[in-house]
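Take a look at the structure below.
The values are calculated or read from the model by the stated rules, or taken from the named source; none is laboratory data. Quick caveat, the model's predicted, so the values are computed rather than measured. As a convention, Cβ positions derive from the backbone with ideal geometry for all residues, glycine included, and neighbour counts pool all protein chains shown.
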Amino acid sequence: MNLVRAILGGVPEISPVGYEKRYGNKEHIIVDLRNSNMFDGGHIDGAINIPFSKLDKKLKALPKNQPIVCVCQDGTRGREATDMLLKAGYSVTNLAGGMQAWRKHSRSAR
């Protein structure tokens, strides 16, 4: 994966549809990087809230033996967090488009 990143750049991302297919029944951690007010206003089931500004202090609380998916409002902070976690040795993917894409997908899936 690091070789692919080095060649192509960027961080691994997954769409909302891809997320449901890959992680629907698989054990994983989804880290919601938004502030607590935004998180309390709606989040993906099972997500834990670690605001981006506190992520570096909370890294050790995250297990390295499970895949992690980062989500933010629009995918920007998620990419930054994914890069940080990759550099720290985690298996991590960003939810492309963040909660905006998730909500759009959820409305279209009804």
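Is there a residue being hydroxyl-bearing (Ser, Thr, Tyr) and either within 8 Å of the chain's Cα centre (by Cα) or at pLDDT 95 or above (or both) anywhere in region 95-107? For region 95-107, residues hydroxyl-bearing (Ser, Thr, Tyr) and either within 8 Å of the chain's Cα centre (by Cα) or at pLDDT 95 or above (or both): absent.
Select from region 30-53 the residues that are within 17 Å of Glu80 (Cα to Cα) and among the β-branched types (Val, Ile, Thr) and write down the one among them that is surrounded by the fewest Cβ atoms within 10 Å (Cβ to Cβ). Please lay out each step first, then the result.
Restricting attention to region 30-53, the residues satisfying the condition of being within 17 Å of Glu80 (Cα to Cα) are 30-35, 49-53.
Checking the rest, the ones that are also among the β-branched types (Val, Ile, Thr) come to 30-31, 50.
Working: Ile30: 19, Val31: 24, Ile50: 21.
Per the criteria, the residue is Ile30.
When region 56-72 is examined, which residues are found to be farther than 12 Å from Glu13 by Cα and buried (at least 19 other Cβ atoms within 10 Å of the Cβ)? Cys72 - this is the single residue of region 56-72 that is farther than 12 Å from Glu13 by Cα and buried (at least 19 other Cβ atoms within 10 Å of the Cβ). The set of residues from region 55-110 being in contact with a strand residue (DSSP E or B) (Cβ under 8 Å, 6 or more places away or on another chain), closer than 24 Å to Asn37 by Cα and of a type in the set (Val, Ile, Thr) comprises Ile68, Val69, Val71, Thr82, Thr93. Considered as a group, the residues in region 87-97 that are of a type outside the set (S, T, N, Q) and either in contact with a His (Cβ under 7 Å, 6 or more places away or on another chain) or surrounded by 19 or more Cβ atoms within 10 Å (Cβ to Cβ) (or both) include one that is farthest from Ser15 (Cα to Cα), and that residue is Tyr90. Pairs meeting the criteria (first residue in region 33-51 and in contact (Cβ under 8 Å) with a residue 40 or more places away in the chain and within 10 Å of Cys72 (Cα to Cα), second residue surrounded by 14 or more Cβ atoms within 10 Å (Cβ to Cβ) and polar (S, T, N, Q), beta carbons under 6 Å, at least 6 apart or on different chains) are Arg34/Gln73.
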